[in-house]
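Just below is one structure, and these are the notes that go with it.
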């Protein structure tokens, strides 16, 4: 394996045999799924967490897509020191140069350039002949090598490409200087057997295959992304491209947490290893879910809320006798606490602090006191306080700690008789309280209209999403709000979350938190409050 192709601290004795490199594309392919766009700050936070978790290669974005994407990739390249930072580009020289500019400050830069190779793509998308596509492969890899020594080339729609022609394309890319060859199942069409055989054939037929790392990139259109990825690893691939929570275009990508834990749990069938800190997987899942406002399905493997929950009497009986009767991995191995119900209104500060530390939170004394008071208030209103309740409470405390405008009181009148109305009191900062009454088309509309009266703004509500944190009619509602500032030329958008047993209170808190973020970004919070 060439030195340029070797990511993050590989062990020379296992790099081509047992070690599998994790290439995370949450910030690029994951963000391309409709509605999953992240803000600049959220991208930086996710990138920092990916590096801390041990991800080998971070695909930070598609630099030519927009100025915002270029800026994010460039900033991530400057701050990440251990992981390879990668920018995606098409075959055109402007794309490649833009990617090169974006990653040039990285400690370990990579350009990932791709080109369609299948007959249907050549004819209808590129409108190029097979020979013209080969010339483009030669050009794009050569130009990328002028920017960086580490170049990855991908054959888009490889699994629907004639195998002999695919071999010619790969050979051309290797000769031009590619250090990683990615053969993606772009449309999630392949079966594991087909994907395995494709790689074996290419590796056996193409001269120089032993000098590069082969990579898998699988989509989940038929639900086989993880199975196909692992089939590619068995065939000899040593890089897996995946995303947190499996987010991505259409049905999504192979899920990073599933790849990592399959390798970790089934060492007998999958004799490989990764450098991922598995105990950080649960927090990574929650971070990405919050940044994208894409909730994780309850029965999602590894990180779903029910992944380590047992309600059936048969299962409970088996778990009490021996955990391995129904669990093939421990909750702690992925950062999940064993116990769901451990905190209540009789719990003290020390127990509260210890529990938060166990869950991965370290709060200062003031923040801890505020969180504890909110916990006690919640415990008085709610029959059971679950780990998910505590996470929602503390995450909101952290997110709103700097908010200047806060909800003091809210009273809403709703029902079939109408009109629905809201009486809202806000702390405008410095202990100054103001109250207003507003009506609307429903209780949420009335609440937001009341906020508009007290805090005039031109932001547009781009997303309003509610889900229950836990089960039961007394469950906390977690509300996500995304506001876009149309008055700003940059088209700023911010997302905020809040949780409360009262859905309308959570809605008001989330909306105000988003406004606080928006005003803070524009440096106009003080002016708004003065007005």
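Within the stretch 111-155, the set of residues being modelled with pLDDT of 95 or more and on the phi > 0 side of the Ramachandran plot is empty.
Yes or no: the stretch 143-154 includes at least one residue that is closer than 22 Å to residue 194 by Cβ and either part of a helix (DSSP H, G or I) or touching a residue at least 12 places away in the same chain (Cβ under 8 Å) (or both). Break it down stepwise before answering.
Kept after step one, since they are closer than 22 Å to residue 194 by Cβ, are these residues of the stretch 143-154: 153-154.
Subsequent filtering for residues that are either part of a helix (DSSP H, G or I) or touching a residue at least 12 places away in the same chain (Cβ under 8 Å) (or both) retains 153-154.
Taking every residue of the stretch 143-154 in turn, at least one turns out to be closer than 22 Å to residue 194 by Cβ and either part of a helix (DSSP H, G or I) or touching a residue at least 12 places away in the same chain (Cβ under 8 Å) (or both).
Selection of first residues in the stretch 167-188 that are not assigned by TED's automatic domain parsing to the domain that holds residue 153 and of second residues that are crowded, with 19+ Cβ neighbours inside 10 Å and assigned to a strand (DSSP E or B), restricted to Cβ pairs under 7 Å at least 6 apart or on distinct chains, gives an empty result.
Taking into account only those residues within the stretch 162-189 that are out of contact with any strand residue (DSSP E or B) (no Cβ under 7 Å at 6 or more places or on another chain) and not in a helix (DSSP H, G or I), which is farthest from residue 142 (Cα to Cα)? Per the criteria, the residue is 189. The residues on offer are 222, 287, and the sole one that is under 30 Å from residue 478 (Cβ atoms) and either under 13 Å from the mean Cα position of the chain (by Cα) or at pLDDT 95 or above (or both) is 287. Just name the residue that is surrounded by the fewest Cβ atoms within 10 Å (Cβ to Cβ) out of those in the stretch 150-174 that are under 28 Å from the mean Cα position of the chain (by Cα) and within 17 Å of residue 212 (Cα to Cα). Here the answer is 154.
The set of residues in the stretch 290-308 that are more than 27 Å from residue 517 (Cβ to Cβ) and either at pLDDT 80 or above or loosely packed, with under 15 Cβ neighbours inside 10 Å (or both) comprises 297, 298, 299, 300, 301, 302, 304, 306.
Of the residues making up the stretch 190-212, those that are surrounded by 17 or more Cβ atoms within 10 Å (Cβ to Cβ) and free of Cβ contacts under 8 Å to residues at least 60 places away in the same chain are 190, 192, 195, 196, 198, 199, 202, 203, 206, 209.
What's the number of the condition residue 337 fails, among (1) under 28 Å from residue 38 (Cβ atoms); (2) surrounded by fewer than 19 Cβ atoms within 10 Å (Cβ to Cβ); (3) at pLDDT 75 or above? So residue 337 meets the others, but not (3).
Evaluate the following for residue 213: is it within 17 Å of the chain's Cα centre (by Cα) and either closer than 22 Å to residue 263 by Cβ or not assigned by TED's automatic domain parsing to the domain that holds residue 86 (or both)? When the stated conditions are applied, residue 213 does not pass them. Quick check, is residue 42 crowded, with 24+ Cβ neighbours inside 10 Å, touching a strand residue (DSSP E or B) at 6+ places or on another chain (Cβ under 9 Å), closer than 27 Å to residue 482 by Cα and in contact (Cβ under 8 Å) with a residue 60 or more places away in the chain? No. Of the strands (runs of 3 or more DSSP E) lying entirely inside the stretch 400-496, those containing at least 3 residues that are modelled with pLDDT under 90 span 459-468, 477-485. Taking the stretch 73-118 as the range and being touching a residue at least 60 places away in the same chain (Cβ under 8 Å), part of a loop (DSSP other than H, G, I, E, B) and more than 21 Å from residue 42 (Cα to Cα) as the test, only 108 passes. Flag: residue 100 does not match the condition of being assigned by TED's automatic domain parsing to the domain that holds residue 183, at pLDDT below 95 and either farther than 19 Å from residue 181 by Cα or surrounded by fewer than 24 Cβ atoms within 10 Å (Cβ to Cβ) (or both). Could you list, in sequence order, all residues of the stretch 45-72 that are in a strand (DSSP E or B) and free of Cβ contacts under 8 Å to residues at least 60 places away in the same chain? Once the filter is applied, which keeps residues that are in a strand (DSSP E or B) and free of Cβ contacts under 8 Å to residues at least 60 places away in the same chain, the stretch 45-72 yields 58, 60, 61.
The values are calculated or read from the model by the stated rules, or taken from the named source; none is laboratory data. Worth saying up front: this structure is predicted, and the values here are computed from it rather than measured. With ideal geometry, Cβ positions are generated from the backbone for all residues, glycine too; neighbour counts draw on all protein chains shown.
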